[in-house]
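Everything on this sheet refers to the single structure shown next.
The values are calculated or read from the model by the stated rules, or taken from the named source; none is laboratory data. Quantities reported herein were computed from a predicted structural model and do not represent experimental measurements. Heads up, the Cβs are rebuilt from the backbone with ideal geometry, glycines too, and the neighbour counts pull from every protein chain shown. In case anyone asks, the SASA skips ligands and DNA or RNA and just uses the protein heavy atoms, side chains included. Shrake-Rupley method; radii C 1.70, N 1.55, O 1.52, S 1.80 Å.
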Amino acid sequence: MHVPDGFLDAPTSIATAAVAVGGVALALRGARRELDDRTAPMAGLVATFVFAGQMMNFPVAAGTSGHLLGGALAAVLAGPWTAVLCVTTVLIVQALFMADGGITALGTNVDLMAIVGVGVGWLVFVAVRRVLPTRLGSVAPAAAVGAFLSVLAAATLFSALFALGGTAPVSPDRVLVAMLSWHTVIGLGEAAITALVVGSVVAVRPDLVHGARPALKARTLEVRRPVTAAPTAPASSAPAPTAPAGDAA
């Protein structure tokens, strides 16, 4: 999914860079509401995991390989705004120090994986979570669906950008078919990894998972539901017996 230098023309790359700058600026403001002393370490761990996951490729077919995008995973664990910053940081480090994705295409890669990957993954996760029962066991399946569709959304956006400003002599229709075909398989791997990681963290520390907060609140309300006392028998209305008065002197 990392777009190299020169794959898109200059006007398209400049436009995607402008969108990326605006998206990251919004994420900087939104992350202030998500991060605190307890959740900030989770953001660092998420960025580290996404970095490691993107560096490991798994074979798909015919010499094609895929890797974790991590947008939905980061959004569910750390929150959508923080996730945009985590994935953007990973992409910047990869472009500058590991030649993974072009520097002039950095804005495009941020749009694909940090903004669209996180945004679509989070919105789908929230929609699926509302359909499923409000419990912790629903978090991982909802995250898996969000991860799968986020990969397809990023692949579709790249195909649209290539149709607008692609420099390679390839038909945009062929690019779209190839991207969706391979990324359907890659998306299944993304969904499996996301479900496994999110499910493991929810099982151990659900309080640190941003996407598990509604389920935690519902569980807390259920545990703290007031217990009604059993009805007691009504007191007898008969007067209590009194001792007989003594004889007057």
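Here are a few things to note about the model shown:
- There is no residue in segment 25-38 that is surrounded by 17 or more Cβ atoms within 10 Å (Cβ to Cβ), touching a strand residue (DSSP E or B) at 6+ places or on another chain (Cβ under 9 Å) and in a helix (DSSP H, G or I).
- Any hit, segment 58-72, residues being part of a helix (DSSP H, G or I), aromatic (F, W, Y) and either within 18 Å of A154 (Cβ to Cβ) or modelled with pLDDT of 95 or more (or both): no
- Odd one out for M179 among (1) under 19 Å from G53 (Cα atoms); (2) touching a residue at least 24 places away in the same chain (Cβ under 8 Å): (1)
- Considering segment 65-105, and only residues there that are among the β-branched types (V, I, T) and open to solvent by 50 Å² or more (accessible area, probe 1.4 Å), the residue that is nearest to A195 (Cα to Cα) turns out to be T89.
- Boolean, A78 is in contact with a Phe, Trp or Tyr (Cβ under 9 Å, 6 or more places away or on another chain) and either closer than 23 Å to R219 by Cα or touching a residue at least 60 places away in the same chain (Cβ under 8 Å) (or both): no
- Residue among R38, R135, R130 that is without any contact (Cβ under 8 Å) to a residue 12 or more places away in the chain, more than 25 Å from G22 (Cα to Cα) and charged (D, E, K, R): R130
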